[in-house]
1. In the range 28-62, how many residues are in a helix (DSSP H, G or I) and touching a strand residue (DSSP E or B) at 6+ places or on another chain (Cβ under 8 Å)?
2. List pairs: first in the range 95-114 and under 19 Å from Ala63 (Cα atoms) and assigned to a loop (DSSP other than H, G, I, E, B), second of a type in the set (Lys, Arg) and at pLDDT 95 or above, Cβ under 9 Å, 6+ apart or cross-chain?
3. Answer yes or no: is there a residue in the range 74-86 that is under 20 Å from Thr110 (Cβ atoms) and either of a type in the set (Asp, Glu) or open to solvent by 40 Å² or more (accessible area, probe 1.4 Å) (or both).
4. Any idea how many residues of the range 115-126 are in contact (Cβ under 8 Å) with a residue 40 or more places away in the chain and buried (at least 22 other Cβ atoms within 10 Å of the Cβ)?
5. Which residue, of Ala182, Ala216, is open to solvent by 20 Å² or more (accessible area, probe 1.4 Å), modelled with pLDDT of 95 or more and in contact with a helix residue (DSSP H, G or I) (Cβ under 7 Å, 6 or more places away or on another chain)?
Amino acid sequence: MTTHSAAHALADLRLAALVAANRPDDQDRVHRIAAEASHAFEALAGVRNGVTVFGSARAAPEARWGVVAREVSAALAAAGFTVITGGGPGLMASANQGASESGAQSVGLTIELPLDEPPNPFLTLRVPFHYFFLRKLALVRYSCAFVILPGGFGTLDELFEALNLRRTNRLESFPIILVGTAYWRGLVDWLRETAVHAGTLSLEDVEALTVTDDPAAVVAEVAHCHATLCRTLGVAHASPAT
């Protein structure tokens, strides 16, 4: 996305918040949304056994947690799972690298931003998005588990989206796994000690989260859930690795 087009898009958003809706503009937007969704669904139709890996696009977290990101994705790939990320730099690139270097499908769902964020070079399939909400839909729709590496607002948004969808039964009880105990422990403690205590969450909500530093533990939980869900739904099941 060019700087000019990004500025134009931001101006459109500001204007839309201040004036009455323009029906022709809204209809054009609906058509663009439908076209983007249709393209994404078609591009991703062949993705199976997807695991979405969320994480920071910044350089500093990649320097600290990049190795574990690659190890987790390589282990998932070796078990036959497809790794899906936001397709950007940082920990997303590390995750895609771990998958691609293992010879597995490595998917990136990239997003247009006011400041260009180039796709990382480790993608076997790239699907570009303009609309954040469609990208989030695709990140969830094609996954049977969610692995959350350290990250900022975007990663937290994606984490709580998955938790809320699971909590409201709009999503199967897929694993939601936080990787990086030193980073995530404070958040999990706050959820348990403050939010649960205040009655805004139940303990069951918080216990939906797994926190680990062990790539093998990530794969074991994802594989167990995958096999269990296949049996529950009566789907013919073979290990993704076969």
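The values are calculated or read from the model by the stated rules, or taken from the named source; none is laboratory data. Quantities reported herein were computed from a predicted structural model and do not represent experimental measurements. Methodologically, a virtual Cβ is constructed for each residue, glycine included, from the backbone with ideal geometry; neighbour enumeration extends over all protein chains shown. Only protein heavy atoms, including side chains, enter the accessible area calculation; ligands, DNA and RNA are left aside. Shrake-Rupley method; radii C 1.70, N 1.55, O 1.52, S 1.80 Å.
1. Of the residues in the range 28-62, the ones in a helix (DSSP H, G or I) are 28-44, 59-62.
In the following step, the residues that additionally are touching a strand residue (DSSP E or B) at 6+ places or on another chain (Cβ under 8 Å) were identified as 36, 39-40, 43-44.
Of the residues in the range 28-62, 5 are in a helix (DSSP H, G or I) and touching a strand residue (DSSP E or B) at 6+ places or on another chain (Cβ under 8 Å).
2. Glu101/Arg70
3. Within the range 74-86, none of the residues are under 20 Å from Thr110 (Cβ atoms) and either of a type in the set (Asp, Glu) or open to solvent by 40 Å² or more (accessible area, probe 1.4 Å) (or both).
4. The total comes to 0.
5. It is Ala216.
The rows are residues; the columns are (1) of a type in the set (Gly, Ala, Ser); (2) modelled with pLDDT of 95 or more.
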site	(1), (2)
His39	no, yes
Glu42	no, yes
Glu62	no, no
Arg70	no, yes
Ser73	yes, yes
Ile84	no, yes
